[in-house]
Amino acid sequence: MQYDVFRQRRNQRLIFFGVLIALTYGSMVLTAFDPVAGLAAIPRAFIWGASNFIPDESAMRRLPRILERLQETVLVSISSATVASALGLVVAVLGANTTRPHPWFSIPTRAIASIFRNVDVSVWALVLLFSFGQSGYTGFFALFFVTFGFIVRVMIETIDEVGTEPVEALRASGASYMATISQSVIPACLPQLISWVLYMIETNIRSATLIGILTGTGIGFAFDLYFKSFNYGAAGLVVFVIVITVLLIEALSNTIRRSIL
């Protein structure tokens, strides 16, 4: 009997890898992808990048302007993440099974979160361009919608994982709905919420670079401008500044996470 279980698991793994290999090969055939040519191009790409994307003296003179654009991107990323998280927590409380005022709240809440989360941030940016044009509002709302959908989803799961015992205990003692939420649910979920907010700030900074290319704002616009004008040294400096910023924010957020969790 034990031998049959091991054989069944082995067959399942073989079937999985067989299907994966077949899908990979089929994709390569349909797209006419040559893996040998692709691998051979990697060293040439590194050589080209090393010879062209090294910031020079001319690029360094543009550093103050680049930092100004970076500041705009970071502020938009932080503000969109914090505002969306605050509103997302309110909606998650209304939609979670543990704290919902009525069962009818769950379906529309989860549906709205799913729509906002599953529409890519670049699609939101292109759609919002028709309303706000090339401005900071476009990037803010694009990041806001995606962050809102994500936070609602994870906070609903977090609230439901807390359990119903503390909520039922407060309700049994005569506490109001708002008192139950503020004294039981939010204190239990706050560390996880802060952790997810920090994660979304990191993610939004990366996404804001792409949005800036699409909307002509922030650090993404600076990279697009320098790259299209063949000023590869300045474009390389933009990439370097973005990488350093993301690493610093990630290190800071990891420190904060360790202190609250």
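The values are calculated or read from the model by the stated rules, or taken from the named source; none is laboratory data. None of these values were measured; they are calculated from a predicted model. Neighbour counts are summed over all protein chains in view; Cβ atoms, including those assigned to glycine, are modelled from backbone coordinates with ideal geometry. For the accessible areas, the whole protein counts, side chains as well, though only heavy atoms, and no ligand, DNA or RNA atoms are used. Shrake-Rupley method; radii C 1.70, N 1.55, O 1.52, S 1.80 Å.
Within the full protein context, the accessible area of Ser79 is estimated at about 40 Å² for a probe radius of 1.4 Å. FRET efficiency for the Leu248 to Arg9 pair, using the beta carbon distance and R₀ = 45 Å, is estimated at 0.50. With viscosity 0.692 mPa s and temperature 37 °C, the Kirkwood radius over alpha carbon pairs of segment 29-97 converts through Stokes-Einstein to a diffusion coefficient of 190 µm²/s.
Once the Cβ-Cβ distance of Ala40 and Lys228 is raised to the sixth power relative to R0 = 45 Å, the FRET efficiency obtained is 0.95. Summary: within the chain, the longest segment free of chymotrypsin sites (Phe, Trp or Tyr not before Pro) located in DSSP loops with at most 15 other C-beta atoms within 10 Å is 34-229. Taking the longest Cα principal axis of the chain as reference, the axis of helix 186-215 is set at about 30 degrees. Across the options Ile47, Ala86, Ser106, the greatest Cα extent toward the positive end of the charge dipole of segment 8-122 (unit charges at beta carbon of Lys, Arg, Asp, Glu) belongs to Ser106. What the Kirkwood sum gives for the chain is a hydrodynamic radius of 22.0 Å, with every pair of different alpha carbons counted.
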